[in-house]
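For reference, the structure is listed below as structure tokens.
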Amino acid sequence: MAEKLIRVFEDAVTAGHCKECRAALEFYPTLNGHVMPMNAGSVPRKSIRDEASGRVIVFMSSDESHFATCPQAEAFRRRR
Ligand SMILES: [Zn+2]
């Protein structure tokens, strides 16, 4: 799968673990109020300052999203 960039806020990141596989994660707040679990140590591809809010937005690789790498990812995915 080609790398896509996910925009998240850099502040308010919380550490935790995947409930399914116990991997270490960092939970980033997304721009629309959800939470994106990234693998711990994921490196932002770039960052910008949001002029409206003054918050820093970072662009994370979708390849480092835990949704993409969790061995139990089926538990996250809605069946079609
Ligand atoms: Zn997992």
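The values are calculated or read from the model by the stated rules, or taken from the named source; none is laboratory data. Here the structure is a predicted model, which means the values were calculated and not measured. With ideal geometry, Cβ positions are generated from the backbone for all residues, glycine too; neighbour counts draw on all protein chains shown.
Hey, can you tell me all the residues within region 22-45 that are away from the ligand (no atom under 13 Å from the Cβ) and touching a residue at least 40 places away in the same chain (Cβ under 8 Å)?
Once the filter is applied, which keeps residues that are away from the ligand (no atom under 13 Å from the Cβ) and touching a residue at least 40 places away in the same chain (Cβ under 8 Å), region 22-45 yields only R45.
If you go through region 46-69 one residue at a time, how many are more than 16 Å from the ligand (Cβ to nearest atom) and out of contact with any Ser or Thr (no Cβ under 8 Å at 6 or more places or on another chain)?
Within region 46-69, the first condition is being more than 16 Å from the ligand (Cβ to nearest atom), and the residues that meet it are 46-61.
Among the residues that remain, those that are also out of contact with any Ser or Thr (no Cβ under 8 Å at 6 or more places or on another chain) are: 46-55.
Final tally of qualifying residues: 10.
Please verify whether region 55-66 includes one or more residues that are part of a loop (DSSP other than H, G, I, E, B) and either under 15 Å from the mean Cα position of the chain (by Cα) or in contact (Cβ under 8 Å) with a residue 40 or more places away in the chain (or both). Step through it out loud before you land on a result.
Initially, region 55-66 is screened for residues part of a loop (DSSP other than H, G, I, E, B), giving 55.
With either under 15 Å from the mean Cα position of the chain (by Cα) or in contact (Cβ under 8 Å) with a residue 40 or more places away in the chain (or both) added as a condition, the list becomes 55.
Looking for residues that are part of a loop (DSSP other than H, G, I, E, B) and either under 15 Å from the mean Cα position of the chain (by Cα) or in contact (Cβ under 8 Å) with a residue 40 or more places away in the chain (or both), one finds at least one in region 55-66, hence yes.
Of the residues A2, A23, A73, which is surrounded by 15 or more Cβ atoms within 10 Å (Cβ to Cβ), at pLDDT below 95 and either at positive phi or small (G, A, S) (or both)?
Numbers: A2 fails: surrounded by 15 or more Cβ atoms within 10 Å (Cβ to Cβ); A23 fails: at pLDDT below 95.
Step by step, each of A2, A23, A73 is checked, and only A73 is surrounded by 15 or more Cβ atoms within 10 Å (Cβ to Cβ), at pLDDT below 95 and either at positive phi or small (G, A, S) (or both).
Would you check which residues across region 26-43 are crowded, with 19+ Cβ neighbours inside 10 Å and aromatic (F, W, Y) and list them?
Scanning region 26-43 gives a single hit, Y28.
For region 26-49, name all the residues that are part of a loop (DSSP other than H, G, I, E, B) and on the phi < 0 side of the Ramachandran plot.
L31, N32, H34, A40, S42, V43, P44, R45
Identify the residue in region 10-20 that is assigned to a loop (DSSP other than H, G, I, E, B) and not small (G, A, S) and, among all such residues, is surrounded by the most Cβ atoms within 10 Å (Cβ to Cβ). Steps first, answer last, please.
Residues of region 10-20 that are assigned to a loop (DSSP other than H, G, I, E, B), as a first pass: 10-13, 18-20.
Imposing the further condition that a residue be not small (G, A, S) reduces the set to 10-11, 13, 18-20.
Numbers: E10: 15, D11: 12, V13: 14, C18: 19, K19: 12, E20: 14.
Here the answer is C18.
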